[in-house]
Amino acid sequence: MIALDTNILARFYVADPADPEAARQRPIAHRLLTESPQVFVPLTVILELEWVLRAFYGFADEDFVRVVKHLLGLPNVNVEDWSRIADALAWHTEGLDFADALHLLASSHCTEFMSFDDRQFARRAKRLSVAPAVVVPAK
């Protein structure tokens, strides 16, 4: 089994003909994902992939969700903690930031998740009634 880094997945999912290196690497990434008998993708690679696709390539949330669902469906790909990623995708489509959703899911054994992010994270988490509760510390 081989493990893949974020850049391999980005090359697989993003056609960037303006970048000669990316254009050269894309067929290699395609071969790795389609011809390797078993591929492992760490959860942290999925987290970084969301950032790369959104911040660098301008992917919309729904495009990222489509990419990850496709990846999860490849028969030779084993994604670390795929059920947690699937749950994070569900919360993400409901309005939570993907990273925040993963943070909450990783903290499911806790009673509260402390964050200073009141506008985006805490309010959206409250609206969705997710657990643990996101609390903005006052002091």
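The values are calculated or read from the model by the stated rules, or taken from the named source; none is laboratory data. As the structure is a computational prediction, the values presented were derived from the model and not from experiment. Note: ideal-geometry Cβ built from the backbone for every residue, glycine included; neighbour counts use all protein chains shown.
Structural remarks
- Hits in the range 33-46 - residues which are surrounded by 13 or more Cβ atoms within 10 Å (Cβ to Cβ) and among the β-branched types (Val, Ile, Thr): VAL39, VAL41, VAL45, ILE46
- Within the range 94-105, residues that are at positive phi have Cβ atoms under 9 Å from residues that are surrounded by 18 or more Cβ atoms within 10 Å (Cβ to Cβ) and of a type outside the set (Gly, Ala, Ser) in these pairs: GLY95/ARG124, counting only partners at least 6 apart in sequence or on another chain.
- Scope the range 107-124; condition of a type in the set (Gly, Ala, Ser) and farther than 21 Å from ASP61 by Cα; matching residues: SER107, SER108, SER115
- Residues of the range 27-52 satisfying the condition of being in a helix (DSSP H, G or I), closer than 22 Å to SER83 by Cβ and touching a residue at least 40 places away in the same chain (Cβ under 8 Å): LEU33, LEU43, VAL45, LEU47, GLU48, LEU49, GLU50, TRP51
- Out of HIS109, HIS92, sole residue that is closer than 25 Å to LEU128 by Cβ and out of contact with any helix residue (DSSP H, G or I) (no Cβ under 9 Å at 6 or more places or on another chain): HIS109
- Of the residues in the range 108-129, none is touching a His at 6+ places or on another chain (Cβ under 6 Å), without any contact (Cβ under 8 Å) to a residue 60 or more places away in the chain and farther than 19 Å from PHE12 by Cβ.
- Leading residue by the ranking (surrounded by the most Cβ atoms within 10 Å (Cβ to Cβ)) among those in the range 1-32 that are at pLDDT below 95 and among the acidic types (Asp, Glu): ASP16
- For the range 54-67, a residue qualifies if it is closer than 18 Å to TRP82 by Cβ and out of contact with any Leu (no Cβ under 8 Å at 6 or more places or on another chain), and exactly one does: ARG66.
- Pairs linking a residue in the range 1-14 that is more than 9 Å from LEU33 (Cβ to Cβ) to a residue that is exposed (fewer than 15 other Cβ atoms within 10 Å of the Cβ) and among the small types (Gly, Ala, Ser), with Cβ atoms under 6 Å and 6 or more positions apart or on different chains, are ILE2/SER36.
- The residue that is surrounded by the most Cβ atoms within 10 Å (Cβ to Cβ), among those in the range 86-129 that are modelled with pLDDT under 90 and assigned to a loop (DSSP other than H, G, I, E, B), is ASP117.
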